[in-house]
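Take a look at the structure below.
The values are calculated or read from the model by the stated rules, or taken from the named source; none is laboratory data. Computed from a predicted structure; not experimentally measured. As a convention, Cβ positions derive from the backbone with ideal geometry for all residues, glycine included, and neighbour counts pool all protein chains shown. To get the accessible areas, we keep the full protein, side chains included, count just its heavy atoms, and leave off ligands, DNA and RNA. Shrake-Rupley method; radii C 1.70, N 1.55, O 1.52, S 1.80 Å.
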Amino acid sequence: MDPVGSAAGVDAGRLRRLQLAGVASGFAAGAWLGAAEAPTKMVTLGLSPVVISLTMVLGVFLARWSLPALLRGTAAIGADVRQAPHLVVWAVLAGCLWAVANTLTVFAIRDIGLSIAFPLWNANSLLGILWGAVFFNELRGAGWGRRLGVLGGAVLMCAGATLLAIVSSAGAAGGHAARGVAAALAAGALWGTMYIPYRKAYLTGMNPLAFVTFFTVGEVGMMTALALADRGGLGPLTAELAGARDVLFWLLLGGFVWVVGDLFQQYAAKYIGISRGIPLSNTNQLWGLAWGLLVFGELHGRSGTTHGQVIGGSLLMALGAAAIALASATGTEHRHWQEAAEREGARYAVDPAYVRAGLGGEATGMPARRRTWLDWTLVVGATAVFVAFGSIARVPELAVSWGWVGGLVVVLLTLLVGTGLFLWRTTRFS
């Protein structure tokens, strides 16, 4: 990564470490977000896509309240909200968009498979680049080399998505390739738009652990409404959940894993912007490919040409994401970010010191405190729910390569520990 110059309020060395933290978070996000989609393969067992998505969202809800309580404490989260209460509304809106998009991904996986659907909905990178440049001064002052890196990467990602769409049209099961492609692209559009509230929050200075806590309110509310409408009321929905109770643990776990990946993605969006952070976290397409091909054998029996097209399209998109991520922000561009942050702070009357501290990765809000009884209640309660469902869970009747599962899990844990420690030492999770 090229050296970065000094920005107002952030010296060159500090800015470099923040960007490295953002890049590392983006890679870790890709791995964990990719793994989180694996449980959605249970749609092949006959479970409703909406019920699958609802259960995952409930797992997300448990994780989004318990992990921030464990890592930072509810008192610090409350202090953030008092500084920028308007962001609660934006967080709820982002959660609503996520819930609809996540449901669409389940339909896409059912119709065209995990390894093909993943890169299609990752077209959200293109919207991330657009919204970052239009609304938040990203790429302004970046220089032509870095702009070409971002835009050239976007072209590569489009080419990869197009190749994968062609493959899916020729080989999807059930004759619903067009429907699966449409669902995946629609999910990408909703997720791309969802990043606007992300960037508004982090330019204003809010800590990601506070933002995601209220994000989940929109997720649960929207997903519950969708599930009730789709199943025809509370009675039928409850009956279907009860009938699938022995596999709900895996869906709840998928939601928990997704939250870990999303927390890393939030830090990537904060420290390297959505035009770079989102494409980098979209390396989850390669992890989705790994889970789809290695663990579930999705393309088993297909021709060598089909395998080559899927792998080639995914690698093409990954190269595009890498080009975008490596076009690091200079000090000049970071000063434009600060201008956007000051504009956001003035619009909502947020304390300028709070905004500056958040942009520089420094501690914001109230001083750190011991965990309270509320924090431990949230952590213990969420753990108890997972233990209860785990005790009645059964292994789904899916063809799974457990050796590959074990290998991928080891990689996930390595990225979690390594990136988490680096992020803590650099920002104290600020």
Select from Leu316, Leu228, Leu190 the residue whose mean-square fluctuation is largest in a Gaussian network model of the chain (Cα-Cα springs shorter than 10 Å).
Leu228
Test of understanding: given the chain, find the longest segment containing no trypsin sites (Lys or Arg not before Pro) that are in a DSSP loop and have at most 10 other Cβ atoms within 10 Å.
1-369
Cα pair distances in the range 73-138, grouped into 10 Å bins until the bin that holds the longest one, percent each:
17, 29, 31, 20, 3
If you take the charge dipole of the chain about its Cα centre, with +1 on Lys and Arg Cβ and -1 on Asp and Glu Cβ, which of Trp424, Ala225, Ala325 is farthest toward its positive end?
Trp424
On the accessible surface of the chain, probed at 1.4 Å with all protein chains in place, carbon and sulfur together account for a percent value of 70
Most mobile of Gly297, Gly145, Gly390 per a Gaussian network model of the chain (Cα springs, under 10 Å)?
Gly145
Accessible area expressed per residue, the range 175-217, with surrounding protein chains retained (probe 1.4 Å, Å²):
21
Grab the DSSP H runs of the chain that are 4 residues or longer, score each as -39,500 (n - 2.57), total them, divide by all residues and round the 222 nm result to the nearest 500 deg cm²/dmol.
-26000 deg cm²/dmol
With charges only on Cβ, +1 for K and R and -1 for D and E, what is the dipole size of the chain about its Cα centre, in debye, rounded to 20?
700
Please check: in the Gaussian network model of the chain (C-alpha springs, under 10 Å), which one of Ile109, Ile272, Ile392 has the largest mean-square fluctuation.
Ile392
Going by a ≥ b ≥ c, the root eigenvalues of the Cα gyration tensor, does the range 281-378 fall in the rounded group (a/c under 1.5), the prolate group (a/b larger than b/c) or the oblate group?
oblate
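Give me the dipole magnitude in Debye, nearest 20, for the range 73-162 about the Cα centre, with unit charges on the beta carbon: positive for Lys and Arg, negative for Asp and Glu.
Dipole size: approximately 200 debye.
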Largest-first ellipsoid semi-axes for the range 216-323, taking √(5λ) over the Cα gyration tensor eigenvalues, angstrom
32, 23, 12
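Restricting things to alpha carbons, find the Rg to Rh ratio for the chain using the Kirkwood radius for Rh. Walk me through the numbers before you get to the answer.
Details: Rg = 20.8 Å, Rh = 21.7 Å.
Answer for the chain: 0.96.
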Work out the length of the dipole vector of the range 186-259 about its Cα centre, built from +1 on the beta-carbon of each Lys and Arg and -1 on the beta-carbon of each Asp and Glu, and round it to the nearest 20 debye.
260
Enter the accessible area per residue of the range 337-430 (Å², integer; probe 1.4 Å; all protein chains in place).
61
Farthest positive-ward along the chain dipole, Cα basis, beta-carbon charges - from Val23, Phe211, Gly13
Gly13
Work out which helices of the chain, taken as complete DSSP H runs, extend at least 20 Å along their axis over the Cα atoms and score a mean Kyte-Doolittle of -1.0 or more, then list them.
12-36, 49-71, 86-112, 144-171, 177-204, 208-231, 248-272, 304-326, 373-391, 402-427
